[in-house]
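This report refers to the structure that appears directly beneath it.
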Amino acid sequence: EVGEPSKEEKAVAKFLRFNCPTKSTNMMGHRVDYFIASKAVDCLLDSKWAKAKKGEEALFTTRESVVDYCN
C-alpha cells in the first residue's frame, strides 16, 4: 500500500531535484535529464539532514542510511 509522501520526504525530493548534479542526453528524440545515484547520495550527505541539531538525531549518518531512506 503506497500513500502520500510526508512533508520530510517531499522536502528531500525537492532538495535532490534542485541540488543534485544532472546530465542530459537525447533518448528516442526526447531530451532526458538523469543523475548518478552515487552523486545523489553524496548530495544528501552534505545536506542539512546529515547534520544533527541540538537534541535531535541526524536523518542521514552513513551512505547506507541514505540508500535505505531512498528505497
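Observations
- Residues in the stretch 15-26 carry Karplus couplings, in order, of 4, 5, 4, 9, 10, 7, x, 10, 10, 10, 7, 9 Hz; the curve used is 6.51 cos²θ - 1.76 cosθ + 1.60 with θ = phi - 60°, and Gly or Pro positions show x.
- Cα-Cα P(r), the stretch 7-70, percent of pairs per 10 Å interval: 20, 47, 22, 9, 2, 0
- Using θ = phi - 60° in the Karplus curve 6.51 cos²θ - 1.76 cosθ + 1.60, the 3J(HN,Hα) couplings for the stretch 35-48 round to 10, 8, 4, 5, 5, 5, 5, 4, 4, 6, 6, 9, 8, 5 Hz; x is entered for Gly and Pro.
- Think of the chain as a dipole: +1 on every Lys or Arg Cβ, -1 on every Asp or Glu Cβ, centred on the Cα centre; then among 50, 32, 6, 32 lies furthest on the positive end.
- Applying both filters, DSSP loop and at most 14 other Cβ atoms within 10 Å, to the trypsin sites (Lys or Arg not before Pro) of the stretch 1-69 gives 51, 53, 54.
- Share of carbon and sulfur in the accessible area of the chain stands at 53%, probe radius 1.4 Å.
- Helical content alone sets the calculated 222 nm signal of the chain at -12500 deg cm²/dmol, taking -39,500 (n - 2.57) per DSSP H segment of four or more residues and averaging over every residue.
- Neighbour cut-off at most 16 other Cβ (10 Å), DSSP loop, GluC sites (Glu not before Pro), the chain: 1, 56, 57
The values are calculated or read from the model by the stated rules, or taken from the named source; none is laboratory data. Predicted model, so just to flag it, every value in this text is computed and none were measured. Backbone-built Cβ (ideal geometry, glycine too); neighbour counts: all protein chains shown. For the accessible areas, the whole protein counts, side chains as well, though only heavy atoms, and no ligand, DNA or RNA atoms are used. Shrake-Rupley method; radii C 1.70, N 1.55, O 1.52, S 1.80 Å.
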